[in-house]
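Let me begin by presenting the structure, written as structure tokens, before commenting on it.
The values are calculated or read from the model by the stated rules, or taken from the named source; none is laboratory data. Predicted model only: the values in this text are computed from it and were never measured. When we count neighbours, we look across all protein chains shown, and the Cβ atoms used for this are built from the backbone with ideal geometry, even at glycine. Quick note on the areas: whole protein, heavy atoms, side chains included, nothing else; ligands and nucleic acids left out. Shrake-Rupley method; radii C 1.70, N 1.55, O 1.52, S 1.80 Å.
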Amino acid sequence: MKILVTNDDGIFARGLWILVKELTRIAQVVVVAPDREQSAIGTAVTLHQPLRVQKVRPEVPEVETYSVEGTPADSVILALGTLVKSKIDMVISGINQGPNLGYDVLISGTVGAALQGYLRGLSALAISVDAVDSPHLDNAAKLATLLAKKVNSNNLSTNIFLNVNLPNLPLAKIRGIKVTRLASAGYAGTVEEGYDGRRKYYWLVHQKANKDADKKTDIWAIAQDNISITPLRTNLLSKSSSIIMNSLCSDLLRELQEY
Ligand code: MN
């Protein structure tokens, strides 16, 4: 098995190398990751400037490693498109330092990178720990390794895309593993205003939102000291409201022509 590892915390992040070290026990690993921190860059790709890539010395011996002056998604696209010549079986993104839950998967660079693998037909895993400076990254690395092994050996009929989050706890304190859906909440972005002596400035600030107490969600699972595994898909189509859509759109072309 050959696994592509990437992240959004940058190629020097501790979480990435703890993951790589563990994965080398079961697979051949290639690392292609951004040269700097890119958290919250989501699915962004770089279209208006050239992408520079550098082969760098790995922190785990004999792991082919490339640093990309681009986004997490760029890194995966480059890896699968040209940098890695042999077949990749799976993409793993992380270990992110900080949670990726609920609506935040839409802005997560960790998930955005895994998405590119999934869109190219590979199974993909985004893995995060619920703390910016967690001492428990090794649990996440072991879990990713187990999941990779299972996904590889189960001969799945289709590729899967999993968003995995671990509570910031030692293994003995983790209560269970829950298969969840995304909460209808996130770390709500609020605005703080300040003055630096010359000009006004704004900070977008993350605030923990606990709106969604629904027991099947990822936010609930983590709040209750469980590991959360959410299967994701890419079809954003909403099933609801054909009545609303009809009332919005039925005369729209005529109205546009008469505008
Ligand atoms: Mn990050």
(message) Probe of 1.4 angstrom, ligands and nucleic acids ignored: what's the accessible area per residue over the chain, in square angstrom?
(response) 57 Å²
(message) Accessible area of the chain with a 1.4 Å probe: how many percent of it is carbon plus sulfur?
(response) 53 percent
(request) Would you mind working out the magnitude of the charge dipole of segment 1-122 relative to its Cα centre, with +1 at each Lys and Arg C-beta and -1 at each Asp and Glu C-beta, to the nearest 20 Debye? (result) 360 debye
(message) Just to check I understand the Karplus step: with θ = phi - 60° and J = 6.51 cos²θ - 1.76 cosθ + 1.60, what whole-Hz values come out for segment 216-225, glycine and proline as x?
(response) 9, 8, 5, 5, 4, 4, 5, 4, 9, 6
(message) What does the extension gain come out to for Glu255 and Gln28, with contour length at 0.36 nm per residue minus their alpha carbon separation?
(response) 75.8 nm
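Would you please classify the overall shape of segment 175-259 from the alpha carbon gyration tensor, given that a ≥ b ≥ c denote the square roots of the eigenvalues, rounded means a/c under 1.5, and beyond that prolate means a/b larger than b/c while oblate covers the rest?
Taking the square roots of the gyration eigenvalues as a ≥ b ≥ c, segment 175-259 is oblate.
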(message) At q = 0.17, 0.25 Å⁻¹, what log₁₀ I(q)/I(0) does segment 121-188 have when each alpha carbon counts as one equal point scatterer in the Debye sum?
(response) -0.73, -1.24
(request) Give the calculated FRET efficiency between Ala131 and Gln49 to the nearest 0.05, with a Förster radius of 25 Å applied to their Cβ-Cβ distance. (result) 0.15
(message) Run the helix sum for the chain: -39,500 (n - 2.57) per DSSP H stretch of 4+ residues, divided by residue count, reported at 222 nm to the nearest 500 deg cm²/dmol.
(response) -7000 deg cm²/dmol
(message) For a distance above 29 Å, tell me the whole-number percent of Cα pairs in the chain that qualify.
(response) 35 percent
(message) To test your reading of the geometry: what angle, between 0 and 90 degrees and rounded to tens, separates the Cα axis of helix 137-153 from the longest principal axis of the chain?
(response) 90 degrees
(request) Just subtract the alpha-carbon distance of Asn235 and Glu64 from 0.36 nm times their residue separation and send over the number in nm, one decimal. (result) 58.2 nm
(request) Determine the dipole magnitude for segment 1-59: charges of +1 sit on the beta-carbon of Lys and Arg, -1 on that of Asp and Glu, nothing else is charged, the reference point is the Cα centre, and the result goes in debye to the nearest 20. (result) 260 debye
(request) Return the FRET efficiency for the residue pair Leu171, Ile244: r is the Cβ-Cβ distance, R0 is 30 Å, and the value is rounded to the nearest 0.05. (result) 0.05
